[in-house]
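Have a look at the structure below, then the notes.
What follows draws every value from the coordinates through simple rules; no lab data is involved. Since the model is a prediction, treat every value here as computed from it, not as a measurement. Cβ: placed from backbone, ideal geometry, glycine included. Neighbour counts: every protein chain shown.
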Amino acid sequence: MYSRCKVNCKHMVVTTDILSVTSRCFSTECLKTNSSSSFSWELFYRNVNETGLLNWIKVDDLENIALSNTSSKNLVLKANVLKPEMSYVIRLRYRSFSYKGLTEYSFTTSRPPHGGNCSVGPSQGKAYKTMFTFACSGWKTKHLPLLYVFSYYDPYTQLKPLLFRAEEEKFSVKLAPGEPIDNNFELTVFFSIIDSLGGRIDDQRSIKVKTY
């Protein structure tokens, strides 16, 4: 039997996305899954710079960070539960009345963009007249280029229109009015910073975009 990646399978695993690993049997006995068959997943990690057999640390709460049953043929881990820049081993043990098998899947995690900030200004203005500037700066990554995505929540359509998607850190645009509840006209804008592997950081801000 062997295990292989199904989702998040680049040369480094992105911690901000789910990870899906599946198993497959080649032995005839292994393929005969019955009431006596059992699957058991385990997860181990260590710093990428460490070596040796004794440095691996077992993750004790695998059930809490998994989206799937840890006793099934597949293992799906939640997003944002793996540590960045770490080495991992996922181990699967299979047992039945007449067969025992073990397979491992090894990978290293990347670090998502970090160390920066994003802003939008001015903090309030007039719909379709004021020019609002979205800006991000200081973001660091080993996986260039960085992609900047700006969007907002439209309270009238309940959609999230895309305003900008490019490698430039700054963008200016006139915006639609915010939500008119209590004459507040608040508008939520979103920032996403995405590296070349797909690792991403999301943030949001609130501004006021009035009709008068």
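Where residues in the range 74-98 are hydrophobic (A, V, I, L, M, F, W, C) and part of a loop (DSSP other than H, G, I, E, B), which of them is surrounded by the most Cβ atoms within 10 Å (Cβ to Cβ)?
Step by step, filter the range 74-98, then rank; the result is L82.
Taking the condition in contact with a Ser or Thr (Cβ under 6 Å, 6 or more places away or on another chain) and over 30 Å from I18 (Cα atoms), does S206 pass?
So S206 does not fit the description; no.
Answer yes or no: is there a residue in the range 197-204 that is surrounded by fewer than 19 Cβ atoms within 10 Å (Cβ to Cβ) and in a loop (DSSP other than H, G, I, E, B).
Yes, the range 197-204 contains a residue that is surrounded by fewer than 19 Cβ atoms within 10 Å (Cβ to Cβ) and in a loop (DSSP other than H, G, I, E, B).
Can D182 be described as crowded, with 18+ Cβ neighbours inside 10 Å and of a type in the set (D, E, K, R)?
Considered against the rule, which asks whether it is crowded, with 18+ Cβ neighbours inside 10 Å and of a type in the set (D, E, K, R), D182 comes out as no.
Out of all the residues in the range 174-197, which are closer than 30 Å to P112 by Cα and polar (S, T, N, Q)?
Matches in the range 174-197: T188, S192, S196.
So, in the range 137-158, exactly how many residues are free of Cβ contacts under 8 Å to residues at least 24 places away in the same chain and over 22 Å from the mean Cα position of the chain (by Cα)?
4
Within the range 159-185, which residues are within 17 Å of T211 (Cα to Cα) and in contact (Cβ under 8 Å) with a residue 12 or more places away in the chain?
V173, K174, L175, A176, P177, G178, E179, P180, N184, F185
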